[in-house]
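Shown next, in structure tokens, is the structure this report addresses.
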Amino acid sequence: MNNHQFTLHAKAAVLDNQQIISPAWIQINKGIIQSIGIHKPDDPGPITDLSELILLPGFVNAHCHLELTGIGKLAEKDFVAWIKELIQIKIALSDDLVSSGIEQGIEKLVSSGVTSIFDHISFNTPLAPYSHAKARIIGFGEVLGTNYEQACFVHQQQSLQKKNASIPYHLSPHAIHSLHPHMIDKLFKDESKPFSIHLHESQTESDYFTTQLGSLFDFIKERVPDLNTTPLHKAQSAIQYLINQKFDLNQTLIIHGNYVSDEDLDFMAKQACSVVHCPGSHDFFSHQSFPLKEYLQRGIPIALGTDSLASNTEFSFLHEIRLFLKNHPELTLSEFMPMLTTNAYEAIGVKDIGK
């Protein structure tokens, strides 16, 4: 008998994200699954009895901000007021508090079944906690700054982070409205894919593009005094801005995508990008109904994320799943399981993780 070989016996298991088998015998050798089936293997090795459990693939949290875990839920629920509150709190955070928050966040997610985390990381976030994480981490270094000099500084710092990171680390625009156009152009031309970008998150973001009015426009105008006469981003939406610049959005994760027009949806379908929905954050800000049906009709893949504990009531992937299925009970197993597992990795060009 191979000492590295053992077998799990469970009540049931989800196979290939498409069907439930019962009972489930899963044979493992040297940490690699060798077989899954309803019959006991001929040479099972030591058997671990999990007969009361249903086994699932590890979940993929396609969007979060681990560095905000230690902050906890913020009081403000108006989107721009929340941003202002968050900025003030982040300024005062120590590296130790951020590091312990990252560790706590990873622990919370792993305990809810997450084995892969796509994390958005600020330019001054300590990277040491990621080196011993009990989950796969894909880092997206956020580049932001409506002032070009500020954007260049953040980009320089993120480039150093990328060089020193022990995890896969990709530089990406934080959002379109939060980054100077010259830097957006630079990132799309100079950085390799994938990208992960906050787009179409709030109504006030839509207003920024369509009417140049609203609280987000006023907030950005404080940082760009000549915004009244020279709009930073000339387009009817964030997606259309990217399309107008002829950027390729393949292997781009669109984070949130709550407020989209039919034209935006058609563009996204043609570009083969994917959307990450964060049910807890969506509820926190009381956004309009998430247009899941419209995305699925156009074949746009959906993945799920937790966002941060600063805009959620819990930091648990199971919490997100419950909210998601409560709002969309019509989904079948084969429709929603890939949203929890394979869709996120496939969106960034990686196959066969999450099955």
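The values are calculated or read from the model by the stated rules, or taken from the named source; none is laboratory data. Everything numeric in this text was worked out from a predicted model, so none of it was measured. No Cβ is skipped: glycine too gets one built from the backbone with ideal geometry, and neighbour counts run over all protein chains shown. Ligands, DNA and RNA are excluded from the accessible area calculation, which covers all protein heavy atoms including side chains. Shrake-Rupley method; radii C 1.70, N 1.55, O 1.52, S 1.80 Å.
Observations on the model:
- None of 344, 303, 269 is modelled with pLDDT under 95 and among the aliphatic types (A, V, I, L, M) except 269.
- Test: residue in region 47-62 that is of a type in the set (D, E, K, R), under 22 Å from residue 113 (Cβ atoms) and in contact (Cβ under 8 Å) with a residue 40 or more places away in the chain: yes
- Residue check: residue 320 meets all listed conditions (1) outside any helix (DSSP H, G or I); (2) within 30 Å of residue 90 (Cα to Cα); (3) in contact with a Cys (Cβ under 8 Å, 6 or more places away or on another chain) but one, namely (1).
- Selected residue (only one of 124, 164, 147 is more than 26 Å from residue 263 (Cα to Cα), open to solvent by 10 Å² or more (accessible area, probe 1.4 Å) and touching a residue at least 60 places away in the same chain (Cβ under 8 Å)): 147
- The residue pairs whose first member lies in region 18-42 and is more than 16 Å from residue 54 (Cα to Cα) and open to solvent by less than 100 Å² (accessible area, probe 1.4 Å), whose second member is in a loop (DSSP other than H, G, I, E, B) and among the charged types (D, E, K, R), and whose beta carbons are closer than 9 Å, counting only pairs six or more residues apart or on different chains, do not exist in this structure.
- Tabulated pairs, region 308-325, first under 15 Å from residue 337 (Cβ atoms), second part of a helix (DSSP H, G or I) and among the aliphatic types (A, V, I, L, M), C-beta under 7 angstrom, 6+ apart or interchain: 317/109; 321/340
- Any chance residue 66 is open to solvent by 30 Å² or more (accessible area, probe 1.4 Å) and in contact (Cβ under 8 Å) with a residue 40 or more places away in the chain: no
- Residues of region 231-259 that are closer than 16 Å to residue 207 by Cα and among the β-branched types (Val, Ile, Thr): 239 alone.
- Any chance residue 110 is touching a Leu at 6+ places or on another chain (Cβ under 8 Å) and part of a helix (DSSP H, G or I): no
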